[in-house]
Amino acid sequence: MAVISAKTAILFRSCFLWSFGYMLVANPKKVTGHPLVVLIGQAMRLPELEIQKGDPLVGLLAICLITGGLSDIPLLAVEGSSYLTVNSVVVPIRLLIFFAVTGWCYLDYNPYLSNGLVFAYGFVEIVINFCIYVVVREEKNELVGQEVRKRHGE
């Protein structure tokens, strides 16, 4: 039995992305100066990101983050195991992408990706998506177990 359900974990990820997108628009300096971002960036010896006031790319990034958070919500409204099936495919792909992004950020100097904010975001996404993967897999195994018991009981 999991501590949280898959729907709760997916909703947590969505809320994280909404909050992150909003904070980027409302106060980008607060995001880049957040202790977690600074700590992870310094631990990995990555430069801090300097966001200039009024940078239009911050707005685009915020829209992408908020849209990414909204993309999971329709699946949560569906009853049954369809959201488990979709997320058992989508979450490993997300994990692969964020492992690649954080690895690239750390190993290769790219002026757009090699900074503490990108690495910290990728790291947090890896942790959240790994938790979602574990919970989704556990719920899927419980559903399969119930189906097997139901078939053997009949």
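The values are calculated or read from the model by the stated rules, or taken from the named source; none is laboratory data. Note that the structure is a prediction, hence the values are computed from the model and not measured. With ideal geometry, Cβ positions are generated from the backbone for all residues, glycine too; neighbour counts draw on all protein chains shown.
Structure values in brief
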read-out: Some residue of the range 29-36 being out of contact with any Leu (no Cβ under 7 Å at 6 or more places or on another chain) and under 17 Å from Tyr106 (Cα atoms); value: yes
read-out: Any hit, the range 88-101, residues being at pLDDT below 85, aliphatic (A, V, I, L, M) and either assigned to a helix (DSSP H, G or I) or within 17 Å of the chain's Cα centre (by Cα) (or both); value: no
read-out: Members of the range 37-65 that are aliphatic (A, V, I, L, M), within 20 Å of Trp104 (Cα to Cα), more than 18 Å from the chain's Cα centre (by Cα) and part of a helix (DSSP H, G or I); value: Val38, Leu39, Ala43
read-out: Count - residues of the range 23-67 that are hydroxyl-bearing (Ser, Thr, Tyr) and free of Cβ contacts under 8 Å to residues at least 24 places away in the same chain; value: 1
read-out: Hits in the range 1-36 - residues which are assigned to a loop (DSSP other than H, G, I, E, B), polar (S, T, N, Q) and closer than 25 Å to Val86 by Cα; value: Ser5
read-out: Subset of the range 112-134 (residues that are free of Cβ contacts under 8 Å to residues at least 40 places away in the same chain, hydrophobic (A, V, I, L, M, F, W, C) and either crowded, with 21+ Cβ neighbours inside 10 Å or not in a helix (DSSP H, G or I) (or both)); value: Leu113
